Amino acid sequence: MDAIRDVLDDARAREVMLSADEAAQMAASHMASEQASSIKVVYNLTGTILHTNLGRAILAEEAVEAADKVMRNAIALEYDITGGGRGERDDIVRDLLCRLTGAEDATLVNNNAAAVLLTLNTLAAGRSVIVSRGELIEIGGAFRMPDIMASAGAKLVEVGTTNRTHYRDYENAINAETGALLKVHTSNYRIEGFTKSVSANDLSTLAAEHNIPLVDDLGSGTLIGLSQFGLPDEPTVSKALSAGADLVTFSGDKLLGGPQAGFIVGRRDLIANINKNPMKRAMRVDKIRLAAIEATLRLYQDPERLIARLPTYRALSRNIDDIKACAGRLAPKVAAYLGAQFSVEVGACESQVGSGAAPTATLPSVGFVIRPACRQHEGQALQGLADALRSLPAPVIGRIKSQAFVLDLRCLEDEAGFLANLEQFTTKDGGVGRGAGPA
Ligand SMILES: *Cc1c(COP(=O)(O)O)cnc(C)c1O
């Protein structure tokens, strides 16, 4: 009845007459679309591998299977199988995290924002935390270091300047109120030119002298080096720990390639305090994600297999000739689907990691460079194309660059699905682009 009312209201508003059959049919399709999930699977052809707005990391099959199994079954989540008593849910991944990072102890929460908030609240509520002015990051959304600091109940003490912070700046700011020294990885920007920052190594000496913990928020963090993919190295978690950080925080769904999570690794006594903080309970990870995290971390035990199994690293390491071959196979068919209104060329483009890792680095890639055949109303035609691709059953997300619509093929694995999806391509002005699709 609601659907029929909606259809009739809409018809009245548009002043059109509907037959009973037409109204019934429209109501039925209205209901069908209301039933459809509002979660849309999309093709991420933006060239940004870890796109925060598109859900960041795609999980490995192993992680998907592990999550599937725990969703269908009762599991020993907080239950000690040997003794039959109560156990700790973190135990499922603690040893693995320690082994992979060299940390003494480890714990995990909902995401890295929570990890930072919980760490600061535990170490420095009612006290102060010293941070360089060059590292007062905003990650996007509501994650701004000064705000997180305030939410944690800690007082932010900024030292140095935007481009230069010295050892003595930290040293002079330390007093009886100081709860922690914080180093923040400048995930999504670089300050270049006349710059100076204090290494974690030096900071750890200062922190130890004053018996104050040093926290290093790595953001993405990674367990393996990135130079093997032709990218500048991001700091690995084990390097940050061996440089002397007492605690290191990092994300689960950035370069680690797992589900959303935030890890805190480092000194056992500090982790114990964190685990006792009542806030921790409000940030805990559920069994589905714990299972997926464990399976993801296990892949790191076998570095040879890791790159092939983890979609994030598969995309990062994908050979350019392989992408080119994919583009060559698909181009004629895509051109046929889009029709004479558009020219589809195979061209060079540049991918990036995304989600605040190696922000200024790009990886050479290949994609479709699509231009309207008619130069008149070019901008409008490009926007129309972007809209039409976003209206597909599985929206295809690309980007507009230099008067062209670019689809980077680095992250496209399912070529057959991509083509089947394109069969539904129509532009708004009724121009069903395709003659009859590819022969
Ligand atoms: C991404 C990031 C965060 C937030 O991590 P989420 O997992 O998105 O909550 C915090 N700090 C830094 C430096 C980051 O790069």
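Run the accessible area of the range 61-309 with a 1.4 Å probe and give the carbon-and-sulfur part as a rounded percent. Answer for the range 61-309: carbon and sulfur cover 48 percent of the accessible area. Multiplying the residue separation of A24 and Y189 by 0.36 nm and subtracting their alpha-carbon distance yields 53.9 nm. Please say if the range 18-177 is rounded, prolate or oblate, where rounded means a/c under 1.5 for a ≥ b ≥ c the square roots of the C-alpha gyration tensor eigenvalues, and otherwise the choice is prolate for a/b larger than b/c and oblate otherwise? Oblate. The stretch between D147 and V16, if pulled fully straight at 0.36 nm per residue, gains 41.9 nm over its current Cα-Cα span. How would the chain be classified by its alpha-carbon gyration tensor: rounded, prolate or oblate, with rounded meaning a/c under 1.5 and the a/b versus b/c comparison settling the rest? In terms of gyration-tensor shape, prolate. What is the local net charge at R305, summed over the other residues whose Cβ is closer than 11 Å to its Cβ (Lys, Arg +1; Asp, Glu -1)? Net local charge, R305 excluded: -1. Checked against a 25 Å cut-off, the cross-linked pairs K196/K239; K254/K287; K196/K401 give Cα-Cα distances beyond that limit for K196/K401. Highest mean packing comes first when the peptides 298-306, 198-206 are listed by Cβ atoms within 10 Å, giving 198-206, 298-306. In this structure the chain gives 48 Å² per residue of accessible area when probed at 1.4 Å with all protein chains present. Take the Cβ atoms of R72 and R99, set R0 to 35 Å, and the FRET efficiency comes out at 0.75.
Label separation (I320 vs L8): 6.4 nm, computed from points 7 Å beyond Cα along the C-beta direction. Stretching the chain fully between E171 and D202 yields a gain of 10.1 nm (0.36 nm per residue, less the alpha carbon separation). The helix-based estimate of mean residue ellipticity at 222 nm for the chain, built from -39,500 (n - 2.57) per DSSP H run of four or more residues and divided by its residue count, is -12000 deg cm²/dmol to the nearest 500.
Less than 5 angstrom separates the built amide H of I58 from those of T312, all sequence-distant by 5 or more or on a different chain. Note: relative contact order over the chain, using C-alpha pairs below 8 Å and six or more positions apart, is 20 percent.
The protection proxy used here, the mean number of other Cβ atoms lying within 10 Å of each residue, ranks peptides 310-320, 95-105, 139-149 as follows, highest first: 310-320, 95-105, 139-149. In this simple spin-label model, placing a label point 7 Å from the Cα along the Cα-to-Cβ direction at both Q301 and R329 gives a separation of 3.4 nm. Span-like helix check, the chain: qualifying full DSSP H segments, with Cα axial length of 20 Å or more and mean Kyte-Doolittle of 0.0 or more, are 320-338. List residues of the range 181-196, by number, whose backbone nitrogen lies under 17 Å from a label position 7 Å along Cα→C-beta of R164. From the range 181-196, the list is 191-196.
The values are calculated or read from the model by the stated rules, or taken from the named source; none is laboratory data. As the structure is a prediction and not an experimental result, all values here were calculated from the model. Positions of Cβ are backbone-derived with ideal geometry, glycine not excepted, and every protein chain shown enters the neighbour counts. For accessibility, only protein heavy atoms count, side chains too; no ligands or nucleic acids. Shrake-Rupley method; radii C 1.70, N 1.55, O 1.52, S 1.80 Å.
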